[in-house]
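Below you'll find the structure, written out as C-alpha cells, and then a few comments.
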Amino acid sequence: MQAATIKLFLPTGEAAGIRTAEIMNWTGKAIAGPRSEIDTLLQRDELDRPGVYILLGSDDSGDPLIYIGEAECVQGRLKQHKNKEFWVQVIAFTSKDENLTKGHIKYLEGELITKAIAVGKATLDNNQGGKAVLPESDVADMEVFLSKLYQLLPVLGTDVFTSATEKKPKAAHLLTCKKGKNIVATGQRSSNGFVVFKGSFSAETETRAVPEVVTKNRAKLIAKQILVLADGVYEFTKDYEFSSPSLAAAVVRGSSANGLIEWKNKDGQTLKSIEV
C-alpha cells in the first residue's frame, strides 16, 4: 500500500450516515451508507452509473455475511436488493470519469469475490461472479483501481477483505502459547486483536471451568474446519484472528486464560512485559 490522502465527506454530517470517499489523483469514488438511509442514498448521482458494490450484514450466528455485485446502474440494482433481509450497510465504487465498462466491473466483481473467499473473514451470499477477459492494459488499470478500493474499505467500515497476516511478523516478534508438550501455538498482535497462525495446535478437551464464550468459539472453529482434530490435538488449518490475546490463548488451551501472561516471545517474556 502506498501512502494516500483520503477525502471523506459526510453529506448529512453524521459519521454513521452516508459517506463519500476519494483518494487524491484517483478517478474512482466510493459511497457508503446504512440501509436505514437507502432512499436518500439512491438519489446520489454517483450511483447512477456502472460500478461494484458490497452489501454487509451478518448471518444467524452473528458472523459477517456479504454480497458482492456489479451493475451498469448501481442505483437500479440496489433497489432490487431491498428484498435481501440480511444487509445493513452498503459500499459502492464507481468512476468519476465514467470510464468503467461492463467488462471492467465484472472483472472487479470477480476479483473481490476471490479476495473475500481467500481472506475468509465473511461468508458470501454469492460466491461466484462473471470473470471478464480484459486486454492487458485494462487489467493493469483495474489492478490499480482495486488497490485503491482495498485502501478505502477499512476507512468506510469493513475489514473483511483485509488479511490479518498480510504483513508477516519478524521472527523476533512471534509469540508462543503452550500447554504441555503437544499444544503449541504461535501468533501476534493484530489491529483487531490477536492472530493465531496456521499450523498452531489447540487442546482436544476443555477444562470444567472453561468460559462459555471459549466453548462457543471452539465449536464455531471446529464446525468451519479451521480447527481439525488429528492425533489427539486440534490443528489450525488457517490463520485466525481473535478479538483479544486472552480469547486466543483460551481457545488454544481449552480453558480460561490470561493472554497477556500466556503469550511469550522466544526469550520467555510475556506479552504484558513486552508492552509495558
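The values are calculated or read from the model by the stated rules, or taken from the named source; none is laboratory data. Given the structure is predicted, the values throughout are model-derived calculations rather than measurements. Neighbour counts run over all protein chains shown; Cβ positions are idealised from the backbone, glycine included.
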(request) Give region 121-154 a look and list any residue that's surrounded by 15 or more Cβ atoms within 10 Å (Cβ to Cβ), of a type in the set (D, E) and within 29 Å of N192 (Cα to Cα), or say none. (result) D125
(request) Sort out which residues of region 196-251 are assigned to a loop (DSSP other than H, G, I, E, B) and of a type in the set (G, A, S), and write them in order of number. (result) G199, S200, A209, G232, S243, S244
(request) Restrict the check to region 155-169 and report whether at least one residue is surrounded by 16 or more Cβ atoms within 10 Å (Cβ to Cβ), on the phi < 0 side of the Ramachandran plot, among the acidic types (D, E) and in a loop (DSSP other than H, G, I, E, B). (result) yes
(request) Kindly list the number of the only condition in (1) over 14 Å from A92 (Cβ atoms); (2) touching a residue at least 60 places away in the same chain (Cβ under 8 Å) that fails for M24. (result) (2)
(request) Taking the residues in region 82-104 that are of a type in the set (A, V, I, L, M, F, W, C) and more than 17 Å from F161 (Cβ to Cβ) as candidates, determine which candidate is surrounded by the fewest Cβ atoms within 10 Å (Cβ to Cβ). (result) V88
(message) Please count how many residues of region 158-189 are out of contact with any Ser or Thr (no Cβ under 8 Å at 6 or more places or on another chain), small (G, A, S) and either at pLDDT below 85 or under 22 Å from D63 (Cβ atoms) (or both).
(response) 3
(request) Quickly run through region 207-237 and pick out the residues that are within 20 Å of N192 (Cβ to Cβ) and surrounded by 17 or more Cβ atoms within 10 Å (Cβ to Cβ). (result) V214, N217, R218, L221, I226, L227, F236
